[in-house]
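This report concerns only the one structure given below.
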């Protein structure tokens, strides 16, 4: 950027003759300049350097004092301009020799460092600037003497304005003007997000909205001030208006809280493998874990089945292995999927006497989707009906080929009852884990997932978590979903209190504000305030989603709801002992929903049934289903008074069956379409008395007199109608079978063409 400045103006500012500056430039460059020549910034810098080095002052204060002293006689002389003019009019013109010699104006200069390309304007402090501006104000606003009145004509006014404009500016004013010109000419930098409103873009560009809209129209985009445009369009407009564009980056709370950097290879250490045990219900998953842990977990399960995810850690040959026991019933499909996504190796338990079952197939699909290694444990080998070869044959149907058959799937025959093959299974798990080279960084903040959560009466919210990365320590701040808190107590699966837990370690923690959802990811963070802010925002978003899920009555949909009739609904409140069970019961019940009867779980929680649950059920006309929980005495009394039905269950499929039976009694009759046959239109006859008759050939099935007809043309349904007449030659018939010709007349549709296909069907009522 260059600054143009006249040579004559520079000479006035410096108090020198034009000829002196012209001689300087002739000496420097050999070029003869004129008094109207425009000087560049580099030439100005050279002139400043020449003059300021000779007139250097020792102190800026000295200069300021001298400037004030020189300004005082100017004030005094400025008070008598009219008197001087009067003397010049009345007195005769003196002789030349009597004319006083002109006094040389004192030129005071200030040393300015101009060695660089740009003058450092910041060196002039506020005191110097204020002094210069004060002098200008005094000179511009000086009062006129009272005795010297003049006639204000247009000519005089113009002359005063010209005199005012031609008045030489001070050094400070000139420097200020240069600074303003630089700022004005400097390129504007704007930050633009991914999406921005046109009005907001105009504000950031410091231009009128009309200018932005005009540029958009030039780009072929029609947008108003309130409309939103993308980054690419906004950047084009900004560049057209001479601005430099930068993409605006929003830093979210998650990015500020969580560590997203990838771990370096040198920071990784070996970690224990996480093994999930999957399979069909009652195939012996927990029994195998019992044999490994030498415990009796199965005895404590309701109905002999696992309904929670259990996490255990055992030591095999001096190396720890983490096991996750997932439920096998179909109701826990989501829990089983969650377990597979957390693990490295999946042990698929198949009973040798049962073979592959539906939930076994689901377990295979979950393991494949999670990308984990699969080891098949063929259990119950002690039974006389055991047939492991049949199991291996069934596995090949799902692309699981055993090693002995040329595949890569390890199949281990075991018996949880006798302990046969258990050690072989553990060795194979260790071998697969060694091949996978499982590593994690323990020297970072902990990160993992919530396996299970419950509400304990004495401890409050208790969560079973699996640490996947880093090390979780007592006292760390943890956020999991909408729950946040500080780790107070941390226990392993044996109940021992731990101070820290490394990667692949399952622990039970207390200290959270609420019960997190099973499957929520947790992170250890440093800033508790930000963590609580994030949790509140997540809770608000969840509440909005919950409100948005229910359709509210408006004037727009009121009539349609009346026209559709009263929709039957079964409201249910679910209370369970742990969060995973509550989720499973809720999903299972909502699966039963159909078009006529809708199951709506208005609340699902953990803990005993209390008074607030009964009040909610009474207000919403719901029934309460308790899973492994009981109502407290106050809730029981309140339910009896309000006539709220409560049902308690220990096994999930008992609850599903009861709700299904209740819904069957509420279901309205159902209707379905039954196809009868197809007929092709080969001729079209127009009869004045009968209208349009289609000559058809029945290709398959039959066409009956009471059937409905769907007219299909080029694979597209163009009409649905009823049969008005069905004839064979001149006789009316009730039906026409395959291979026969007939004439068909429709009640309403008459635009029939050759090649159309008539599909005959009836609507019949049925019940499940």
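The values are calculated or read from the model by the stated rules, or taken from the named source; none is laboratory data. Because the structure is predicted, anything quoted here is derived from the model rather than measured. As a convention, Cβ positions derive from the backbone with ideal geometry for all residues, glycine included, and neighbour counts pool all protein chains shown.
Only one residue in 516, 506, 461 is crowded, with 19+ Cβ neighbours inside 10 Å and outside any strand (DSSP E or B), so which one is that? Spell out the reasoning first.
On the way: 506 fails: outside any strand (DSSP E or B); 461 fails: outside any strand (DSSP E or B).
Matching residue, one of 516, 506, 461: 516.
Any residue at all in region 619-638 that is surrounded by fewer than 21 Cβ atoms within 10 Å (Cβ to Cβ), in the same structural domain as residue 573 (by TED's automatic domain parsing), assigned to a helix (DSSP H, G or I) and under 38 Å from the mean Cα position of the chain (by Cα)? Within region 619-638, one or more residues are surrounded by fewer than 21 Cβ atoms within 10 Å (Cβ to Cβ), in the same structural domain as residue 573 (by TED's automatic domain parsing), assigned to a helix (DSSP H, G or I) and under 38 Å from the mean Cα position of the chain (by Cα).
Quick one: which helices (runs of 4 or more DSSP H) lie wholly within region 174-253 and hold at least 2 residues that are modelled with pLDDT of 85 or more, within 30 Å of residue 537 (Cβ to Cβ) and not assigned by TED's automatic domain parsing to the domain that holds residue 537? Talk me through it step by step, then tell me what you get.
Numbers: elements: 198-205, 209-218, 231-240.
Correct list: 198-205, 231-240.
On the stretch given as region 366-389, residues that are part of a helix (DSSP H, G or I), surrounded by 15 or more Cβ atoms within 10 Å (Cβ to Cβ) and without any contact (Cβ under 8 Å) to a residue 60 or more places away in the chain total 3.
Any residue that is under 31 Å from the mean Cα position of the chain (by Cα), at pLDDT 85 or above and on the phi > 0 side of the Ramachandran plot - is there at least one of those in region 515-526? Looking through region 515-526, none of the residues is under 31 Å from the mean Cα position of the chain (by Cα), at pLDDT 85 or above and on the phi > 0 side of the Ramachandran plot.
From the list 698, 659, 712, the lone residue that is closer than 18 Å to residue 761 by Cα, within 47 Å of the chain's Cα centre (by Cα) and surrounded by 12 or more Cβ atoms within 10 Å (Cβ to Cβ) is 712.
For region 652-661, indicate whether the set of residues that are touching a residue at least 12 places away in the same chain (Cβ under 8 Å), touching a strand residue (DSSP E or B) at 6+ places or on another chain (Cβ under 8 Å) and part of a strand (DSSP E or B) is non-empty.
Filtering region 652-661 down to residues touching a residue at least 12 places away in the same chain (Cβ under 8 Å) leaves 652-653, 655-656, 659-660.
Then keep just the ones that are touching a strand residue (DSSP E or B) at 6+ places or on another chain (Cβ under 8 Å); that gives 652, 655, 659.
When the remaining residues are screened for being part of a strand (DSSP E or B), the result is none.
Checking region 652-661: not a single residue is touching a residue at least 12 places away in the same chain (Cβ under 8 Å), touching a strand residue (DSSP E or B) at 6+ places or on another chain (Cβ under 8 Å) and part of a strand (DSSP E or B).
Hey, can you tell me all the residues within region 413-426 that are in contact (Cβ under 8 Å) with a residue 40 or more places away in the chain and either part of a helix (DSSP H, G or I) or not assigned by TED's automatic domain parsing to the domain that holds residue 291 (or both)? Steps first, answer last, please.
Within region 413-426, the first condition is being in contact (Cβ under 8 Å) with a residue 40 or more places away in the chain, and the residues that meet it are 413-414, 416-417, 419, 421-422, 425-426.
Correct list: 422, 425, 426.
For region 739-748, a residue qualifies if it is surrounded by fewer than 15 Cβ atoms within 10 Å (Cβ to Cβ) and either under 60 Å from the mean Cα position of the chain (by Cα) or over 14 Å from residue 698 (Cα atoms) (or both), and the qualifying residues are 747, 748.
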